[in-house]
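> This structure is in structure tokens; I'll ask about it shortly.
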Protein chains: 2
Amino acid sequence: MSANSRMTIAIHVLTWMSLDRQNNEVATSERIAGSVNTNAVVIRRCLGDLRKSGLVQSKRGAGAGWVLAREPEDITLLEVYLAVEGGGPFGMHHTPPNADCPVGFGIRPALQVVYSELEEEIRKGLARTTIADVLRDVLAQQR
Amino acid sequence: MSANSRMTIAIHVLTWMSLDRQNNEVATSERIAGSVNTNAVVIRRCLGDLRKSGLVQSKRGAGAGWVLAREPEDITLLEVYLAVEGGGPFGMHHTPPNADCPVGFGIRPALQVVYSELEEEIRKGLARTTIADVLRDVLAQQR
DNA sequence: GGTCATGTAACATTGTCTGTTACAATGCAT
DNA sequence: ATGCATTGTAACAGACAATGTTACATGACC
């Protein structure tokens, strides 16, 4: 499968921000990038998606940075998923199948049903976990 | 997300083979490719994966081709998934996160748990549908 | 005004998926 | 045994997406 890490990065960012709220420093893309171990622009792109969905807010100017727009308990992984992830788990044919064949004609709508039911299951599963849950699990891992 | 079509192609192939069993012709990669509308080698690669998992069998020599190793009612989409799909729906960080940060240290094992639970949900969902179900739905789409 | 970080564009790099060509291996038919 | 159609696989080209990087205009506080 894709091995797309946007979901992972976004959860990492939000979890980091949840933990960092206790400090008095400002959450900048640069500092977050230090934890994720990537370029700050990658983090800004991610935060931009999260802001469009209303999960974070940005401040500009001097002392600028990012803050959570909601409590970690109120942010589910489903919202993160909807914010940063594109299509579903499986893709359709690259080029349209042969419509003169019964299977080629009917396979796409048939799979559409199967795939969207599956997508619904994924969403339900993601809705059960919040960023606060992840933070708790993350801290439980410490040495 | 990935937009990986291997799953779609594999289901298409197996569904086509289920329908084609009624004819007296031999199922060759060339004929299947005609329905999927792609190159025969792509189909052979897919069939190779399906064979490794025991879902189809191949015959060589003259009059060679492919046959289902099991009844369409006994092949679930989960088995197809396990045969052709690689990793799970989400990937981890491209480069390892900063282990000196508590979040960077604990995020991977924490997400591993979340992701594998999700993967389990997907598998359960896929196990509910068989190739015979798909064939029925495909034929119901006809003009 | 100086400064710092956001916001975004542009581009390079990398990796994966798909498609294509080529060809050896296989085994039935004649 | 020879021919033939197809599998099985390697090798490569092309397309595309994700990621990383550089650069710079924009905004707002000091």
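The values are calculated or read from the model by the stated rules, or taken from the named source; none is laboratory data. The structure presented is a predicted model; accordingly, all values stated were derived computationally and were not measured. Glycine also receives a Cβ, built like all others from the backbone with ideal geometry; neighbour counts cover every protein chain displayed. With ligands, DNA and RNA removed, areas are computed over all heavy atoms of the protein, side chains included. Shrake-Rupley method; radii C 1.70, N 1.55, O 1.52, S 1.80 Å.
> Do you know which of the residues in the range A:50-61 that are surrounded by fewer than 18 Cβ atoms within 10 Å (Cβ to Cβ) and part of a helix (DSSP H, G or I) is nearest to the other protein chains (Cβ to nearest Cβ)?
In the first step, residues of the range A:50-61 are kept if they are surrounded by fewer than 18 Cβ atoms within 10 Å (Cβ to Cβ); the result is A:51-54, A:57-61.
Narrowing the set further to residues that are part of a helix (DSSP H, G or I) leaves A:51-52.
Details: A:Arg51: 20, A:Lys52: 18 Å.
Only one residue tops the list, namely A:Lys52.
> I would also like to ask the following. Go over the candidates B:Arg108, B:Arg143 one by one and state the one that is over 20 Å from the mean Cα position of the chain (by Cα) and assigned to a loop (DSSP other than H, G, I, E, B). Outline the logic, then answer.
Working: B:Arg108 fails: assigned to a loop (DSSP other than H, G, I, E, B).
After applying the criteria, what remains is B:Arg143.
> Please work out if B:Phe105 is at pLDDT below 95 and within 11 Å of chain A (Cβ to nearest Cβ). First the steps, then the outcome.
Values: at pLDDT below 95: no; within 11 Å of chain A (Cβ to nearest Cβ): yes.
No; evaluated as a whole, the condition is false for this residue.
> Hey, does the range B:3-24 have a residue that's at the interface with chain A (Cβ under 9 Å from one of its Cβ atoms), over 13 Å from the mean Cα position of the chain (by Cα) and modelled with pLDDT under 95?
The answer is yes, given that some residue of the range B:3-24 is at the interface with chain A (Cβ under 9 Å from one of its Cβ atoms), over 13 Å from the mean Cα position of the chain (by Cα) and modelled with pLDDT under 95.
> Looking at this structure, is B:Arg143 charged (D, E, K, R), within 14 Å of another protein chain (Cβ to nearest Cβ) and open to solvent by 30 Å² or more (accessible area, probe 1.4 Å)? Before the answer, list the steps.
Values: charged (D, E, K, R): yes; within 14 Å of another protein chain (Cβ to nearest Cβ): yes; open to solvent by 30 Å² or more (accessible area, probe 1.4 Å): yes.
Against the criterion (charged (D, E, K, R), within 14 Å of another protein chain (Cβ to nearest Cβ) and open to solvent by 30 Å² or more (accessible area, probe 1.4 Å)), B:Arg143 qualifies.
> Can you name the residue in the range A:25-44 that is open to solvent by 70 Å² or more (accessible area, probe 1.4 Å) and within 12 Å of DNA strand D (Cβ to nearest atom) and is also farthest from the other protein chains (Cβ to nearest Cβ) among such residues?
Checking each candidate, the answer is A:Arg44.
Yes/no per residue for (1) under 23 Å from B:Gly87 (Cα atoms); (2) free of Cβ contacts under 8 Å to residues at least 12 places away in the same chain:
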| residue | (1), (2) |
| --- | --- |
| A:Arg6 | yes, no |
| A:Ala10 | yes, no |
| A:Thr15 | no, no |
| A:Asp20 | no, yes |
| A:Ser29 | no, no |
| A:Ala33 | no, yes |
| A:Asn39 | no, yes |
| A:Val42 | no, no |
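> Residue pairs, Cβ under 7 Å, 6 or more apart or interchain, first in the range A:45-70 and within 14 Å of DNA strand D (Cβ to nearest atom), second at pLDDT below 95 and not basic (Lys, Arg). List them.
What qualifies is A:Gly63/A:Val26; A:Gly65/A:Val26.
> Identify all residues within the range A:118-129 that are open to solvent by 30 Å² or more (accessible area, probe 1.4 Å), more than 7 Å from chain B (Cβ to nearest Cβ) and part of a helix (DSSP H, G or I); write none if there are none. Write out each step before concluding.
Looking only at the range A:118-129, we keep the residues that are open to solvent by 30 Å² or more (accessible area, probe 1.4 Å), and these are A:120-121, A:123-124, A:127-128.
Checking the rest, the ones that are also more than 7 Å from chain B (Cβ to nearest Cβ) come to A:120, A:123-124, A:127-128.
Result: A:Glu120, A:Arg123, A:Lys124, A:Ala127.
> For residues in the range A:26-72 being of a type in the set (Gly, Ala, Ser) and on the phi > 0 side of the Ramachandran plot, which is farthest from DNA strand C (Cβ to nearest atom)?
Step one: filter the range A:26-72 for residues of a type in the set (Gly, Ala, Ser), giving A:27, A:29, A:33-35, A:40, A:48, A:53-54, A:58, A:61-65, A:69.
Remaining after also requiring on the phi > 0 side of the Ramachandran plot: A:54, A:61, A:63, A:65.
Numbers: A:Gly54: 13, A:Gly61: 6, A:Gly63: 7, A:Gly65: 5 Å.
The extreme case among them is A:Gly54.
> Also, quick follow-up: Is it the case, given these coordinates, that B:Leu82 is touching a residue at least 60 places away in the same chain (Cβ under 8 Å), farther than 19 Å from A:Leu19 by Cα and not basic (Lys, Arg)? Give the steps one after another, and end with the answer.
Details: touching a residue at least 60 places away in the same chain (Cβ under 8 Å): no; farther than 19 Å from A:Leu19 by Cα: yes; not basic (Lys, Arg): yes.
Against the criterion (touching a residue at least 60 places away in the same chain (Cβ under 8 Å), farther than 19 Å from A:Leu19 by Cα and not basic (Lys, Arg)), B:Leu82 does not qualify.
> Is it the case that A:Leu78 is within 16 Å of DNA strand D (Cβ to nearest atom), part of a helix (DSSP H, G or I), closer than 26 Å to A:Ser5 by Cα and open to solvent by 30 Å² or more (accessible area, probe 1.4 Å)? Let's see the steps before the verdict.
Working: within 16 Å of DNA strand D (Cβ to nearest atom): no; part of a helix (DSSP H, G or I): yes; closer than 26 Å to A:Ser5 by Cα: yes; open to solvent by 30 Å² or more (accessible area, probe 1.4 Å): yes.
No; evaluated as a whole, the condition is false for this residue.
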